[in-house]
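The values are calculated or read from the model by the stated rules, or taken from the named source; none is laboratory data. Quick caveat: nothing in here was measured; it's all calculated off a predicted structure. Glycine also receives a Cβ, built like all others from the backbone with ideal geometry; neighbour counts cover every protein chain displayed. Calculation scope for accessible area: heavy atoms of the full protein, side chains included, ligands and nucleic acids excluded. Shrake-Rupley method; radii C 1.70, N 1.55, O 1.52, S 1.80 Å.
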Amino acid sequence: MTTSSHIPPITEDDIAQFLTQTPGFFERHAEVLASVQISSPHGTRAVSLQERQAEMLREKIKGLEQRIMEMVRHGNENAAISAKVDHWTSALLQVRDPMDLPQAVVDGLRTLFDVPQAAVRVWGVAGPYIDADFTQGASEDAQAFASSLTMPFCGPNLGFEPAAWLASEAGEPPQSLALLPLREGAIDSATPAFGLLVLGSPDPQRFDATLGTEFLARMAELASAALMRLR
């Protein structure tokens with residue numbers, strides 16, 4: 001008595017693997033390729049395999065074009081921001097009296113970067129600047145908080161003390177904040193901060209927590225370099 005061996009049925013994966021490993025199949029059986037009809041994603045009509053492949057290729061090209069346009073847009077935006085940073089830096093370098101530097105920092109941020117609210121506080125300054133307005137109002141807690149920041153903070157206004165430094169013409173408290181520590185050297189170093197730059201907006205999304213901080217970190221380093229003259 002003999003028993004027949006069980007032959008498993010051919011699956012779609014088997015067919016797909018065969019076609020992938022046998023690229024010349026459709027060349028030898030062109031009539032099969034021409035007779036294949038599949039549903040179009042743009043309607044109920046059936047289309048040939050070649051037409052469906054062409055549609056897929058067009059969709060892929062369209063997706064790539066959109067990605068390229070997005071990259072170009074981001075590149076243009078970054079170039080515009082970089083130009084504004086250079087303009088701001090040039091303006092700070094032209095300030096002769098160190099006493100005028102904090103106001104120049106704030107004014108540049110408001111005008112060049114359309115920041116609705118901005119303020120800066122500096123501590124540990126040299127004798128001639130001890131009683132200046134920009135040295136007032138930063139408690140020990142605020143100073144310690146600034147030193148604890150190793151990168152700019154972006155997010156909602158959670159009642160931070162520095163938010164009270166911001167003046168609003170509309171009298172509205174800021175809904176989102178960017179806090180930039182000022183320190184010697186790199187912003188992410190362990191050196192204690194000697195100041196804090198605060199940016200605010202009534203728009204909750206202006207300084208969203210997901211905002212990239214590369215330019216903000218660069219701005220913090222530039223502001224730190226300028227305000228070092230007060231120490």
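Of note:
- Within the stretch 39-98, being modelled with pLDDT of 75 or more, over 26 Å from the mean Cα position of the chain (by Cα) and in a helix (DSSP H, G or I) holds for Ala54, Glu55, Met56, Leu57, Arg58, Glu59, Lys60, Ile61, Leu93, Pro98.
- Look at the stretch 205-219: where a residue is under 18 Å from Asp188 (Cα atoms) and of a type outside the set (D, E, K, R) and a partner is in a loop (DSSP other than H, G, I, E, B) and open to solvent by less than 50 Å² (accessible area, probe 1.4 Å), sitting 6+ places away or on another chain with Cβ atoms under 8 Å, you get Thr213/Pro152; Leu216/Pro152; Ala217/Pro152; Ala217/Ile187.
- Subset of the stretch 149-175 [open to solvent by 50 Å² or more (accessible area, probe 1.4 Å) and in contact with a Lys or Arg (Cβ under 9 Å, 6 or more places away or on another chain)]: Gln175
- The stretch 188-222, subset open to solvent by 30 Å² or more (accessible area, probe 1.4 Å) and of a type in the set (A, V, I, L, M), residue modelled with the lowest pLDDT: Leu211
- Condition met for Gly159 (farther than 23 Å from Ala79 by Cα, in contact (Cβ under 8 Å) with a residue 60 or more places away in the chain, assigned to a loop (DSSP other than H, G, I, E, B) and not β-branched (Val, Ile, Thr)): no
- Candidates Ala178, Ala146, Ala119: the one that is touching a strand residue (DSSP E or B) at 6+ places or on another chain (Cβ under 6 Å), within 22 Å of Asp97 (Cβ to Cβ) and either of a type in the set (A, V, I, L, M, F, W, C) or open to solvent by 50 Å² or more (accessible area, probe 1.4 Å) (or both) is Ala119.
- Ala225 vs. criteria more than 24 Å from Ala79 (Cα to Cα) and either open to solvent by 30 Å² or more (accessible area, probe 1.4 Å) or in a helix (DSSP H, G or I) (or both): no
- Residue check for Ala146: under 30 Å from Ser82 (Cα atoms), touching a residue at least 40 places away in the same chain (Cβ under 8 Å) and in a helix (DSSP H, G or I): yes
- Reported count of residues in the stretch 100-116, each being open to solvent by 50 Å² or more (accessible area, probe 1.4 Å) and touching a residue at least 40 places away in the same chain (Cβ under 8 Å), is 1.
- The number of residues in the stretch 186-214 that are of a type in the set (Phe, Trp, Tyr) and farther than 16 Å from Gly155 by Cα comes to 1.
- Against the test of being in contact with a helix residue (DSSP H, G or I) (Cβ under 7 Å, 6 or more places away or on another chain) and not in a helix (DSSP H, G or I), the options Pro192, Pro204 yield a single qualifying residue, Pro192.
- Residue in the stretch 102-124 that is closer than 25 Å to Glu77 by Cα, assigned to a loop (DSSP other than H, G, I, E, B) and in contact with a Cys (Cβ under 6 Å, 6 or more places away or on another chain) present: no
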